[in-house]
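**Student:** Take a look at this one; I'll ask things after.
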Amino acid sequence: MATPAFPLKVFYDGACIVCSAEMQHYRKKNHEGRLVFIDISSPEFDPALYGISQAEFMAQMHAIDREGTVYKAVEAFRAIWQAFPASTFYGALGTFVSLPGINALARGGYALFARYRKYLPRRKRDCATGTCTIRNGM
């Protein structure tokens, strides 16, 4: 996989506790502004602008680079990690997850996480009724 053309738009579910915390972590380390974070749970988010359905965005992580290349699931994380210098933990992780056996394990692990993510607690702003669900078909 080639290096993404930065900036990279990173689409995440801001209502998901794990997803939101992970993106907040990347946000703090994003000193060069190579990552642009877009919360797909926001009422203002319009998936039609990207030609991807809301259900697809909710089903797995997406990132889109400056040239319009779409990265999904583990490849989206790999693209995010490539935003960091190769000498950093995330830069090295991007290289490591590219290794054939490791990539297969990462894909399997991510598939399990994505499948069961809907059972994770939601952020309080989405749990006012006491029932927390992932919107839009998940």
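The values are calculated or read from the model by the stated rules, or taken from the named source; none is laboratory data. Computed from a predicted model, the values in this text were never measured in an experiment. Positions of Cβ are generated from backbone atoms using ideal geometry, with glycine treated the same way; all protein chains shown enter the neighbour counts. Remember, those area values only see protein heavy atoms, side chains included, never the ligands or the DNA or RNA. Shrake-Rupley method; radii C 1.70, N 1.55, O 1.52, S 1.80 Å.
**Student:** Only one of these conditions is not met by Gly14: (1) within 17 Å of Arg117 (Cβ to Cβ); (2) part of a loop (DSSP other than H, G, I, E, B); (3) open to solvent by 30 Å² or more (accessible area, probe 1.4 Å). Which number is it?
**Tutor:** (3) is the only condition that Gly14 fails.
**Student:** Does the stretch 50-62 contain any residue that is surrounded by fewer than 19 Cβ atoms within 10 Å (Cβ to Cβ), part of a strand (DSSP E or B), under 11 Å from the mean Cα position of the chain (by Cα) and not hydroxyl-bearing (Ser, Thr, Tyr)?
**Tutor:** No, every residue in the stretch 50-62 fails to be surrounded by fewer than 19 Cβ atoms within 10 Å (Cβ to Cβ), part of a strand (DSSP E or B), under 11 Å from the mean Cα position of the chain (by Cα) and not hydroxyl-bearing (Ser, Thr, Tyr).
**Student:** Residues being open to solvent by 50 Å² or more (accessible area, probe 1.4 Å) and under 18 Å from Lys28 (Cβ atoms): count how many of those fall in the stretch 89-105.
**Tutor:** Within the stretch 89-105, residues that are open to solvent by 50 Å² or more (accessible area, probe 1.4 Å) and under 18 Å from Lys28 (Cβ atoms) number 1.
**Student:** Next up: Hey, can you tell me all the residues within the stretch 80-116 that are assigned to a helix (DSSP H, G or I), touching a residue at least 40 places away in the same chain (Cβ under 8 Å) and within 18 Å of Asp65 (Cβ to Cβ)?
**Tutor:** Within the stretch 80-116, Ile80, Tyr90 meet the criteria.
**Student:** Any idea which residue in the stretch 106-138 is modelled with the highest pLDDT, counting only those that are open to solvent by 80 Å² or more (accessible area, probe 1.4 Å) and among the β-branched types (Val, Ile, Thr)?
**Tutor:** Residue satisfying both the conditions and the ranking: Thr129.
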